[in-house]
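The values are calculated or read from the model by the stated rules, or taken from the named source; none is laboratory data. Treat the numbers as computed from the prediction; the structure is a model and nothing was measured. Every residue, glycine as well, gets a Cβ built from its backbone with ideal geometry; the counts of neighbours run over all protein chains shown.
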Amino acid sequence: MRKKLRKGLLVVLMVMVASTFMTWESFGASKMRVEWFNVGAGDSLFVKFPSGRTVLIDGGTVSKGSSVVAKLKKMHINTITFCISTHPDADHVGGLQTVFREMKVKHFYYPSDTKYSTKTARTVVSLAKKETGCTLHHPKRGDKLKGGDGAYLQFVQRSYDYSTDNEDSLASYISYGKLQILTCGDNEDGSEEAIAQHNVDILQLPHHGSKYATSYAFIKRFDPEKVVVSTDGHKYHHPNVEVFKRCQKYDSKIQVWRTDKMGDIVVTATKTKWKFAKAGVAVSKYCKAKGLTKCAICY
């Protein structure tokens, strides 16, 4: 009787373990990962789609390129399916030199309306052209990169030429299930209507949180739950405290996440739910001194 009971319990246990394993496997197979790399004053965003296809948007400065590659290889990423350069500023494009030199890149996207005339930018384009099997693209507004299981990245930058490289930055709307993200490079203020027609869950503040890149109207237009800032917290006084006040004025529950305070910021998602890998903390004395009462910008 005891032997039969033990066998029965063993069978039940094996079924439970197998069921749990299958559940985690299916979750992992359909999971998307989004990661803002901490590259100081620059910008670098990585996406791994449910299909396994990968996206790298910008690579920080030249000096941060090796750090970006190290982070990717730590995740066993050796190939970038879609590499996107939002615009030719050195703090965005520079690190892509190392990416092209040390990794396989299948597709390279960069704007047609801007001149990649600096040595740093020219080098990246040259490396892309020399990369075996790499196709170069000038994406148009509305173009999509498919990521499997309904996930995609859509280019949503303004469709007409502007006078500055910042305003011609490529903008990307990333969607999977209940998660929508907007990242705009260094786009300037007044672009909210032209960039996208979607509300988002996560908004990456344009131009590292510059005072002139994120208006109240911009925040209201996209109605974000979370806001991400890629910054070192010092250069050019980015992010500007006025931007956080605008966020609070619109919705005091908006949470702001900064790479200079948090390090790499990770979001994972299935088709039915998404979550930040790191949680917020209480408001610091600095925030209170600046008149911010319910934000999470200091850690």
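Assess whether Leu170 counts as being touching a residue at least 40 places away in the same chain (Cβ under 8 Å) and closer than 27 Å to Ser66 by Cα.
The answer is yes for Leu170.
Regarding segment 12-30, can at least one residue be identified that is modelled with pLDDT of 95 or more and either closer than 27 Å to Ser175 by Cβ or surrounded by 21 or more Cβ atoms within 10 Å (Cβ to Cβ) (or both)? Can you show your working first?
Of segment 12-30, the ones modelled with pLDDT of 95 or more are none.
No, because not a single residue in segment 12-30 is modelled with pLDDT of 95 or more and either closer than 27 Å to Ser175 by Cβ or surrounded by 21 or more Cβ atoms within 10 Å (Cβ to Cβ) (or both).
Just wondering, is there one or more residues in segment 221-229 that are in contact with a His (Cβ under 7 Å, 6 or more places away or on another chain) and surrounded by 15 or more Cβ atoms within 10 Å (Cβ to Cβ)?
yes
So which of Ile77, Ile84 is surrounded by 19 or more Cβ atoms within 10 Å (Cβ to Cβ) and at pLDDT 95 or above?
Just one listed residue meets the conditions, Ile84.
If we scan segment 40-49, do we find a residue that is crowded, with 19+ Cβ neighbours inside 10 Å, of a type in the set (Asp, Glu), modelled with pLDDT under 95 and closer than 22 Å to Ile174 by Cα?
Yes, some residue in segment 40-49 is crowded, with 19+ Cβ neighbours inside 10 Å, of a type in the set (Asp, Glu), modelled with pLDDT under 95 and closer than 22 Å to Ile174 by Cα.
Name, by its number, the condition in (1) among the aromatic types (Phe, Trp, Tyr); (2) closer than 20 Å to Thr81 by Cα; (3) modelled with pLDDT under 95 that does not hold for Tyr162.
Only one criterion in (1) among the aromatic types (Phe, Trp, Tyr); (2) closer than 20 Å to Thr81 by Cα; (3) modelled with pLDDT under 95 is unmet by Tyr162, namely (2).
I'd like to know if segment 103-122 contains one or more residues that are surrounded by fewer than 18 Cβ atoms within 10 Å (Cβ to Cβ), of a type in the set (Gly, Ala, Ser) and over 22 Å from Trp36 (Cα atoms).
Looking for residues that are surrounded by fewer than 18 Cβ atoms within 10 Å (Cβ to Cβ), of a type in the set (Gly, Ala, Ser) and over 22 Å from Trp36 (Cα atoms), one finds at least one in segment 103-122, hence yes.
Which numbered condition trips up Thr81, out of (1) of a type in the set (S, T, N, Q); (2) more than 17 Å from Thr61 (Cα to Cα); (3) over 22 Å from the mean Cα position of the chain (by Cα)?
With respect to (1) of a type in the set (S, T, N, Q); (2) more than 17 Å from Thr61 (Cα to Cα); (3) over 22 Å from the mean Cα position of the chain (by Cα), Thr81 is out only on (3).
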